[in-house]
Amino acid sequence: MQEIFEAIKKSAKKIHQAIIHEDFGYCEGENCSGEQQLKLDVLSDNIIEEELSKINSVKILASEEKSDPITINENGKYLIGYDPLDGSSLIDVDLSVGSIFGIYENSFNGKDLVASAYIVYGPRVELVIATIKVERYILKNDDFVFMEELKLNEKGKLNAPGGTQKEWYPHHKELVESFFKEGYRLRYSGGMVPDLHQILVKGGGIFSYPGTNDKPMGKLRRVFEVFPFANVYEKAGGFAINDKGERLLDLNIENIHQTTPCFFGSHYEIKRVKEYYSKGKQWKKQ
Ligand code: AHG
Ligand code: MN
Ligand code: MN
């Protein structure tokens, strides 16, 4: 699997250069989730496809920017699902963006995810790899240098609530407010990579992207975004669940772009999510 991480590092350096130097305008079309694609979304996707296709152990590549997975090597062992440029709508305002990778065996179901990684393109470029533990690297000169192992505490202080507030269910609103009432601080940029990275590096808190009245299944995609981060959080000692209290990594997929409501956090906050969402079940029945 090391060769996959090396290809991810190469792609990250190229994408970083593209973010700095290339045009950040929109393309003509939309991707299959109905979102407008930036030229940089497509460029980043091409860079990653080119690097990962060189690796013999890669069987299938599935990208957030393509409707269908592509077969690279029938005899390969790994299936890779990736979001080439997460948070790309933040590029024009110069906020941090990222790339996310899930490495799977056999299928793209959560239980088949064997490792994950993400890159943060911020003032610095960082790489986080989650295998049996979670390791943070920083790009210095032309190399990713190991910085530290990341671990979540039992409880944090940050609250990153996604989704359109007007469309939140009442129990979700109460949940988010309960954290603020307790002194949690709002830390939300609109890019899940820097938002989840911040909570992880600061040792804890809660990131939520719930199901809402307008989007009951949420926005974030299982294969490219949710499963990879669920693995990062669990391996760092945290938790990652859906709105029914199920582990995200126990979920399957019916299609490659399927979304799910999701909650990532440390022990204390995820316990709270379960409490408020079991109240929500009663509310939904009324
Ligand atoms: P992408 O740029 O890959 O489409 O994904 C952006 C995601 C995620 O980073 C973020 O948490 C979420 O979309 C924010 O979306 P909204 O602003 O639409 O709620
Ligand atoms: Mn994304
Ligand atoms: Mn994307």
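The values are calculated or read from the model by the stated rules, or taken from the named source; none is laboratory data. Model, not experiment: these values are computed from the prediction. A quick note on method: Cβ atoms are made from the backbone with ideal geometry, for glycine too, and the neighbour counts reach across all protein chains shown. Just the protein is used for accessible areas: all its heavy atoms, side chains included, with ligands, DNA and RNA removed. Shrake-Rupley method; radii C 1.70, N 1.55, O 1.52, S 1.80 Å.
Loop-resident GluC sites (Glu not before Pro) (DSSP state other than H, G, I, E or B) in segment 196-286 with no more than 14 further Cβ atoms inside 10 Å of their Cβ: Glu246, Glu254.
Model label points for Thr71 and Glu3, set 7 angstrom from Cα along the Cα-to-Cβ axis, are 2.0 nm apart. Would you please classify the overall shape of segment 2-149 from the alpha carbon gyration tensor, given that a ≥ b ≥ c denote the square roots of the eigenvalues, rounded means a/c under 1.5, and beyond that prolate means a/b larger than b/c while oblate covers the rest? Because a/c hits 1.5 or more and a/b fails to exceed b/c, segment 2-149 counts as oblate. Dipole check for the chain: with +1 at the C-beta of Lys and Arg, -1 at the C-beta of Asp and Glu, and the Cα centre as origin, the magnitude is about 1400 Debye. Here the Karplus relation 6.51 cos²θ - 1.76 cosθ + 1.60, evaluated at θ = phi - 60°, turns the backbone of segment 111-117 into coupling constants of 5, 8, 6, 10, 6, 8, 7 Hz, with x for every Gly and Pro.
Taking a ≥ b ≥ c as the square roots of the eigenvalues of the Cα gyration tensor, segment 140-191 is classed as prolate, since a/c reaches at least 1.5 and a/b is larger than b/c. Based on DSSP H segments of at least four residues, each scored -39500 (n - 2.57), the chain has a per-residue ellipticity at 222 nm of -9500 deg cm²/dmol. With point charges of +1 on the Cβ of Lys and Arg and -1 on the Cβ of Asp and Glu, referenced to the Cα centre of segment 142-198, which listed residue (Val176, Gly156, Gly191) lies farthest in the positive direction of the dipole? Of the listed residues, the answer is Val176. Partner aspartates and glutamates whose Cα lies under 13 Å from the Cα of Lys151, excluding those fewer than 8 positions away in the same chain, are identified as Glu135, Glu234.
Please name which of Ser67, Gly122, Ile132 has its Cα lying farthest along the dipole of the chain towards the positive end, using unit charges on Cβ (Lys, Arg +1; Asp, Glu -1) and the Cα centre as origin. With unit charges placed on the Cβ atoms, the residue in question is Ile132. Accessible surface for segment 158-285, divided over its residues, is 42 Å² per residue with a 1.4 Å probe.
Using the Karplus relation 6.51 cos²θ - 1.76 cosθ + 1.60 with θ = phi - 60°, the per-residue 3J(HN,Hα) values for segment 148-163 come to 6, 8, 9, 9, 8, 7, 5, 7, x, 10, 10, 10, 10, x, x, x Hz, with x marking Gly and Pro. Distance between the 7 Å Cα→Cβ label points at Ser89 and Asp143: 4.0 nm. Placing +1 on each Lys and Arg Cβ and -1 on each Asp and Glu Cβ, with no other charges, gives segment 158-285 a dipole about its Cα centre of roughly 220 debye.
In a fully extended conformation the segment linking Met217 and Lys133 would gain 27.3 nm over its present Cα-Cα distance, using 0.36 nm per residue.
Net length available on complete extension from Ser33 to Gln17 is 3.1 nm, with 0.36 nm assigned per residue and the Cα-Cα distance removed.
Taking each of Lys14/Lys39; Lys173/Lys271; Lys181/Lys274; Lys66/Lys133; Lys181/Lys215 in turn, the alpha-carbon distance tops 20 angstrom for Lys66/Lys133; Lys181/Lys215. Accessible area per residue for segment 23-99, computed on protein heavy atoms with a 1.4 Å probe, is 46 Å².
Coupling constants for segment 251-266 follow from the phi torsions by the Karplus curve (6.51 cos²θ - 1.76 cosθ + 1.60, θ = phi - 60°), and in residue order they are 7, 9, 10, 9, 8, 5, 9, 5, 9, 7, x, 8, 9, 10, x, 8 Hz; glycine and proline get x.
Pair-distance distribution P(r) for the chain, from all Cα-Cα distances in 10 Å bins starting at 0: 7, 30, 37, 21, 5, 0 percent.
P(r) tail for segment 215-264: Cα pairs beyond 14 Å make up 43% of the total. Scanning residues 5 or more positions from Arg221 or on other chains, those with amide H under 5 Å from its amide H are Val226, with H placed 1.01 Å from N in the peptide plane. Restricting segment 37-90 to trypsin sites (Lys or Arg not before Pro) that sit in a DSSP loop and have at most 13 other Cβ atoms within 10 Å of their own Cβ leaves Lys54.
Computed across segment 8-47, the Kirkwood radius stands at 10.6 Å (inverse of mean 1/r, all Cα pairs).
Projecting the Cα positions of Tyr78, Ser89, Phe108 onto the charge dipole of segment 2-149 (unit charges on Cβ atoms of Lys, Arg, Asp and Glu, taken about the Cα centre) puts Tyr78 furthest along the positive direction.
Histogrammed with a bin width of 5 Å, the alpha carbon distances of segment 143-248 distribute as 2, 12, 21, 25, 23, 11, 4, 2, 1, 0 percent, first bin at zero.
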